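Student: Mind having a look at this structure? Questions to follow.
The values are calculated or read from the model by the stated rules, or taken from the named source; none is laboratory data. From a predicted model like this one, the values you see are computed outputs, not experimental measurements. Counting neighbours? That spans all protein chains shown, and the Cβs are built from the backbone with ideal geometry, glycine included. Heavy atoms of the whole protein, side chains included, go into the accessibility calculation; ligands, DNA and RNA do not. Shrake-Rupley method; radii C 1.70, N 1.55, O 1.52, S 1.80 Å.
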Amino acid sequence: MRIRQLFIAVAMVLVWTTAGQAILIIDIYEQGSDVIITGTGDLNTTGLTSGGPAGPGASAPNINPSLGIAHIRWGLVTYYSGFTGPASFGTGLWSYPDNMSDNGYFYGLNIASDNFYLADGYAGEFINFSGDFLGEDLASLGLSAGAYEWTWASDSIQMTIHEPVPEPATMLLLGGGLAGLAGIRRRRASKA
């Protein structure tokens, strides 16, 4: 009986803490010799100050990590302010993705102006976008690996810039070097 009560209490806490919470998750990571950016989720703008419509915003998708800017598209937008979070997500200057596709709802994040932009008339629709920077890595774009979050009373935007994963050849070289060191140590130990 106690286990059932505990299970019900935990379930109620989980439902209570997630009720009404939407979230936009942005991931940036290296894939081969490219950098990929993706975003999925939805946003609840309750509690934010809105302005606009304004436009057209950025003339092309771009990022500027040092200013906290990530523009996904351009057009007629409503801008929102009143959130808190880090002022930047790296030291890089302007970079432009080679490809960008989206479903037209999320226009960008501009921390330098304390704004993010959504399509004019956005009403909680699902957001989905992706893009790539061909022949780039996190360092060349000036992106700092880590977790970044911009929050307000009803929601948040979470961005994760993932640490690069070593390529298999690099891991093979590292493994071979470690095996060699272990062999040398074993040979010295057997001679002593």
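Student: When segment 118-137 is examined, which residues are found to be touching a strand residue (DSSP E or B) at 6+ places or on another chain (Cβ under 6 Å) and not in a strand (DSSP E or B)?
Tutor: Residues satisfying the conditions are Asp120, Leu134, Glu136, Asp137.
Student: Spot the failing condition for Tyr96; the list is (1) hydroxyl-bearing (Ser, Thr, Tyr); (2) open to solvent by 20 Å² or more (accessible area, probe 1.4 Å); (3) in contact with an Asp or Glu (Cβ under 9 Å, 6 or more places away or on another chain), and only one is missed.
Tutor: (3) is the only condition that Tyr96 fails.
Student: Which of the residues that make up segment 85-119 are among the charged types (D, E, K, R) and over 17 Å from Thr45 (Cβ atoms)?
Tutor: Asp98, Asp102
Student: Please indicate, with yes or no, whether at least one residue in segment 72-88 is part of a strand (DSSP E or B), open to solvent by less than 50 Å² (accessible area, probe 1.4 Å) and among the β-branched types (Val, Ile, Thr).
Tutor: yes
Student: Taking Tyr148 as the residue in question, decide whether it is part of a strand (DSSP E or B), of a type in the set (Ser, Thr, Tyr) and at pLDDT 85 or above. Talk me through it step by step, then tell me what you get.
Tutor: On the way: part of a strand (DSSP E or B): yes; of a type in the set (Ser, Thr, Tyr): yes; at pLDDT 85 or above: yes.
So Tyr148 fits the description; yes.
Student: I've got another one for you. Output the residues belonging to segment 145-159 that are among the polar types (S, T, N, Q) and open to solvent by 60 Å² or more (accessible area, probe 1.4 Å).
Tutor: Across segment 145-159, the qualifying residue is only Gln158.
Student: With the checklist (1) more than 12 Å from the chain's Cα centre (by Cα); (2) part of a strand (DSSP E or B); (3) not aromatic (Phe, Trp, Tyr) in hand, flag the one item Asn44 doesn't pass.
Tutor: For Asn44, the failing item is (2).
Student: Looking only at segment 99-144, how many residues end up being among the small types (Gly, Ala, Ser) and open to solvent by less than 30 Å² (accessible area, probe 1.4 Å)?
Tutor: Total meeting the criteria: 5.
Student: Does Ala182 qualify as being over 26 Å from Leu109 (Cα atoms), open to solvent by less than 70 Å² (accessible area, probe 1.4 Å), at pLDDT 70 or above and among the aliphatic types (A, V, I, L, M)?
Tutor: Considered against the rule, which asks whether it is over 26 Å from Leu109 (Cα atoms), open to solvent by less than 70 Å² (accessible area, probe 1.4 Å), at pLDDT 70 or above and among the aliphatic types (A, V, I, L, M), Ala182 comes out as yes.
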